[in-house]
Amino acid sequence: MTQQPAPVAARTRAESLRGLCGGAVHLPGDPAYDMARSPWNLQVDDHPAAVVYPAFPDEVADVLRAASAAGLAVAPQGTGHGAPPLEGRLADAVLLRTSAMTELSVDAGRRTARVGAGVLWGDLTEVAGRSGLAARHPSSPDVGVVGYSLGGGIGWYARELGLQCNAVTAVELVLADGDVVRATADREPDLFWALRGGAAPLGVVTALEFDLFPLATVVAGFLAWDWTAVEEVLPAWVTWCVSAPEQATTSFRLVEVPTTDDVPVELRGRRLAMVDGAVLGDDGTAAEVLAPLRALRPEIDTVARVPASSLVRLHLDPEGPTPAYASSTLVADLPDAAIAAVVDAAGPRSGTRLAAAELRQLGGALGRPDPAGGALSMLDGRFLALGLGLGLPDGGDAAHWERQRADAGRFLAALEPWTTGGHYLPMLDERVDTRKAFPPGVHARLSAIRRSVDPGGLFLAAHPDVPAGG
Ligand SMILES: Cc1cc2nc3c(=O)[nH]c(=O)nc-3n(C[C@H](O)[C@H](O)[C@H](O)COP(=O)(O)OP(=O)(O)OC[C@H]3O[C@@H](n4cnc5c(N)ncnc54)[C@H](O)[C@@H]3O)c2cc1C
């Protein structure tokens, strides 16, 4: 989508940032501006008043003070996987990219990790894996550790271990007034609570510490059928989900397999019904758990014991900057009528062009509040439904994206009678008001904390925080 460049007034005000961050400041018209502003999601084409790349907390503090004095807002961003809900709102803002903060250490004895705000999950899982440790990582290696951990974090061990935000033990951030703070369960407990899943930026996070767990290898992979088998496979998977132990976390997708080099040649471009995921435990347990799915005679079965660090690529998500569109909703249950609605809206006779119509299996630890957890300590609903559109080799024209949005809308609308009414914000490219993501008491506490640490509203939130009664 093409947007207007930042108005001259904002550009002029942003001149006051020149010279900060050791010179890593890019203003409209500068040679590196276009590269500096480009997010992971290439569907988004914003023109911020300035783009800055601080490497240290004191450089972040300088930027916040200068932006505030210039009357500019600040949008912290790691990779830009979550850029779409901000689209069109950066003309009067400084885009603060965190990719220069690359500190990464794993303490094998204490089973913890410490990362700078620019670290990606692929790097963390590789380093942790060398010590036989694993993390509650997402399905894609180039998602940012910090953005994912602040938003919630549903990974392949989620039904056994819960959300990644509940594994976080310390957050270091620079507040709107430039103060550098460290929030833990004992220090700044309100801030610590709100940072774990609370959605809106409360400051610029510079580093994060979180728990890992011992896991060198795990049984994981995918089972796949031609998508014409959906009417047999989907009901069987849903029934399997009811009794599957919490050690198993899977996803069902009607997917168009990408044509990229990292995908086996024989699968490229095919439309499949695919179940992928992981089962914690020994080989015998895993085989027993998966037996009902294997009884459906998958055409492809890659499930095997593999290094835990390889799971970050299990889902075949696109790596590197990609034009994408994602929309999702939380689903309470999938009775027969809901399954039929999914098949009608996204199955072989639907005419869909979606890259994936996905159902992620929730429940287990994800469905129970974590007593020590943060603002988002659990997810309501037994499934998360996600419609995903990807660009064509040339990116795709407006008609392509309209069709992707329409097809995702059709898939999610078909499930409307069975939704919880709630949303998981990190998987939503459309803006929704945050009351749809949190119970009223949690929402009110989050709004109050946000007003107390950012009274001037310096930070741009991806989703609008409408105060109670608003
Ligand atoms: C291909 C793909 C796969 C995904 N897989 C999963 C998955 O398996 N499970 C899951 O739960 N989610 C998944 N997501 C959603 C993902 O968790 C969110 O998009 C997440 O916000 C990405 O974080 P990021 O830092 O990479 O993105 P960014 O766009 O950089 O950040 C997203 C938001 O996080 C906040 N933020 C980021 N860095 C900072 C900082 N340093 N300080 C303060 N605020 C900050 C900002 O509000 C920012 O707008 C996936 C998304 C994509 C596109």
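The values are calculated or read from the model by the stated rules, or taken from the named source; none is laboratory data. Not measured: the values here are computed from a predicted model. Cβ placement follows ideal geometry from the backbone for every residue including glycine, while neighbour counts extend to all protein chains displayed. Just so you know, the surface numbers come from the protein's heavy atoms only, side chains and all, with ligands and any DNA or RNA stripped out. Shrake-Rupley method; radii C 1.70, N 1.55, O 1.52, S 1.80 Å.
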Residue among L195, T302, G23 farthest towards the positive dipole end of the chain, charges placed on Cβ: L195
Would you mind calculating the gained length between V263 and A24 on full extension (0.36 nm times residue separation, minus the Cα-Cα distance), in nm to one decimal? 82.4 nm
One checks the Cα atoms of region 8-97 and finds Rg and Dmax, in Å, of 11.8, 32
Once amide hydrogens are built 1.01 Å from N within the peptide plane, the residues lying 5 or more places from L215 or on another chain with amide H under 5 Å from its amide H are L133, A134
Under the Karplus curve 6.51 cos²θ - 1.76 cosθ + 1.60, θ = phi - 60°, whole-Hz ³J(HN,Hα) for region 204-216, x wherever Gly or Pro sits: 9, 6, 9, 8, 9, 10, 7, 7, 10, 9, x, 6, 8
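I need to check one value: relative contact order of the chain, counting alpha carbon pairs closer than 8 Å and at least 6 residues apart, in percent.
Contact order relative to length: 17 percent.
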Report, in cubic angstrom per residue, the convex hull volume of the C-alpha atoms of region 217-427. 134 Å³
Normalised by the empirical 2.2 N^0.38 Å for globular proteins, what value does the Cα Rg of region 78-207 take? 1.04
Crossing angle, helix 57-69 versus the chain [Cα axis fit, 0-90 degrees, rounded to tens]: 70 degrees
Using alpha-carbon positions, what is the distance between the centroids of region 237-278 and region 74-116, in Å? 29 Å
Can you pull a Stokes-Einstein diffusion coefficient for region 332-461 at 25 °C (0.890 mPa s), Rh from Kirkwood over Cα pairs, as a whole number of µm²/s? 145 µm²/s
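I'd like the carbon and sulfur percentage of the solvent accessible area for region 217-427, probe radius 1.4 Å, heavy atoms only, ligands and nucleic acids excluded.
On the way: 4650 of 8380 Å².
The value for region 217-427 is 56 percent carbon and sulfur by accessible area.
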Scattering from the C-alpha atoms of region 391-445 alone, worked out with Debye: what is log10 I(q)/I(0) at q = 0.17, 0.22, 0.27 1/Å? -0.71, -0.94, -1.12
Quick one: if you stick a label point 7 Å off each Cα along the C-beta vector at E126 and E232, how many nm between them? 4.1 nm
Stretchable slack from R270 to T302, in nm (0.36 nm times residue separation minus alpha-carbon distance): 9.9 nm
Relative contact order of region 1-107, defined on C-alpha pairs under 8 angstrom at six or more residues apart (%): 33 percent
Multiply the residue separation of D107 and D283 by 0.36 nm, subtract the distance between their alpha-carbon atoms, and state the gained length in nm to one decimal. 60.5 nm
Modelled FRET efficiency - R0 35 Å, D34 with A406, Cβ distances, 0.05 increments: 0.70
Take the alpha carbon atoms of region 122-160, find their center, do the same for region 417-448, and report the distance between the two centers in whole angstrom. 23 Å
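Once every DSSP H run of n ≥ 4 in the chain is given -39500 (n - 2.57) and the sum is divided by its residues, what mean residue ellipticity at 222 nm do you get, rounded to the nearest 500 deg cm²/dmol?
The helix-only estimate for the chain comes to -7500 deg cm²/dmol at 222 nm.
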Mean accessible area per residue over the chain (1.4 angstrom probe, all protein chains present, square angstrom) is 39 Å²
Tell me the angle of helix 440-453 to the major Cα principal axis of the chain, expressed in degrees between 0 and 90 and rounded to the nearest ten. 30 degrees
Once you have a ≥ b ≥ c as the square roots of the Cα gyration tensor eigenvalues for region 225-266, tell me rounded if a/c is under 1.5, and otherwise prolate or oblate according to whether a/b is larger than b/c. oblate
What are the trypsin sites (Lys or Arg not before Pro) within region 285-359 that DSSP puts in a loop, where the Cβ has at most 11 other Cβ atoms within 10 Å? R349
Using alpha-carbon positions, the gyration tensor of region 262-351 gives root eigenvalues a ≥ b ≥ c; with a/c under 1.5 called rounded, otherwise prolate if a/b exceeds b/c, else oblate, the class is oblate
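In square nanometres, what is one fourth of the surface area of the convex hull spanned by the alpha carbons of the chain?
Over every viewing direction, the Cα hull of the chain projects on average to 21.2 nm².
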Could you check the simple spin-label distance between D380 and A340, using points 7 Å along Cα→Cβ, in nm with one decimal? 2.7 nm
Quick one: helix 336-346 against the long Cα principal axis of the chain, what's the angle to the nearest 10°, folded into 0 to 90? 60 degrees
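Within 10 Å of each candidate Cβ there may be at most 14 other Cβ atoms; applying that plus a DSSP loop requirement, which trypsin sites (Lys or Arg not before Pro) in region 1-84 survive?
Loop-located and lightly packed - R18.
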